[in-house]
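Each remark here refers to the structure printed beneath this line.
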């Protein structure tokens with residue numbers, strides 16, 4: 001059975017959840033060039049921007065930009081980049097009271113080089129000495145109204161929060177990407193929505209077809225398994241036997257950095273607002289497409305009104 005997108009009214013219903021995004025936050029330097037050089041050589045940038053990045057932080061910023069109430073549970077170094085990360089998230093209305101500054105650790109940084117087609121090369125640096133113990137997490141903040149997201153870059157924090165979410169009946173969603181690594185069976189059993197990048201799905205759940213790959217994810221416990229495929233759109237299956245595909249929205253692409261993160265945040269907001277799988281995926285796809293029209297992971301994040309207008313006109 002194939003799902004078709006439910007119609008979305010003039011506005012999205014107010015979400016019945018408080019969102020918690022767990023995982024990676026960073027500071028990005030993004031450069032736009034005409035073409036990525038081959039072989040390597042000196043190249044003049046056409047444009048440059050610096051702003052916050054990191055998968056979980058970008059997802060949280062997406063939710064906040066759409067009007068959701070969201071906390072980020074993350075770790076940065078007690079350094080200048082950490083201050084910049086937190087200051088920008090605060091301006092985006094992400095609750096950063098549980099972004100912990102660790103003395104003696106370095107905040108993650110990335111250099112992103114984007115060509116004229118919007119494709120990119122990302123070079124990231126993380127401090128692997130960052131303390132991983134989750135014993136400081138305010139798990140009592142997770143209740144039946146919570147929606148908990150994770151990018152899997154902090155396994156210890158994810159497991160602790162997802163176990164609590166399972167006990168309280170909260171919704172959980174994971175972002176399966178190469179950077180976060182393959183999700184453990186323990187995490188998948190605690191997950192309701194599992195959304196993978198195309199490259200991660202192929203590497204971590206190899207099978208002859210996408211449907212078989214998604215079926216392998218569903219067999220581990222989630223009720224919804226989906227894959228973001230860039231310009232090829234979004235495809236998903238559910239444990240109830242339904243499935244669907246959505247083509248990508250056509251926009252003038254400047255930078256795809258953070259598009260997947262934006263999709264995850266928007267998908268969570270739409271699900272919490274009561275949309276079915278197909279309509280939620282359509283909303284998330286539109287939000288991610290709009291993000292791609294500007295340079296940087298967050299500079300193009302749309303508001304809810306912008307997404308609704310775009311959907312009505314598409």
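Read the figures in this text as sums done on the coordinates, not as results from a lab. No experiment lies behind these values; they were computed from the predicted model shown. Reconstructed Cβ throughout: ideal geometry from the backbone, glycine too, with neighbour counts over all protein chains shown.
Numerical summary
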read-out	value
Residue 172 vs. criteria within 25 Å of residue 63 (Cβ to Cβ) and in contact with a helix residue (DSSP H, G or I) (Cβ under 6 Å, 6 or more places away or on another chain)	yes
Strands (runs of 3 or more DSSP E) contained entirely in region 85-127, each with at least 3 residues that are in contact with a strand residue (DSSP E or B) (Cβ under 9 Å, 6 or more places away or on another chain) and more than 18 Å from residue 154 (Cβ to Cβ)	108-114, 120-125
Some residue of region 135-145 being under 28 Å from residue 284 (Cα atoms), part of a helix (DSSP H, G or I), out of contact with any helix residue (DSSP H, G or I) (no Cβ under 6 Å at 6 or more places or on another chain) and touching a residue at least 40 places away in the same chain (Cβ under 8 Å)	yes
Selected residue (only one of 64, 60 is closer than 20 Å to residue 126 by Cα, touching a strand residue (DSSP E or B) at 6+ places or on another chain (Cβ under 7 Å) and in contact (Cβ under 8 Å) with a residue 12 or more places away in the chain)	60
Residue count, region 261-276 (criterion: touching a helix residue (DSSP H, G or I) at 6+ places or on another chain (Cβ under 8 Å) and either on the phi > 0 side of the Ramachandran plot or buried (at least 24 other Cβ atoms within 10 Å of the Cβ) (or both))	11
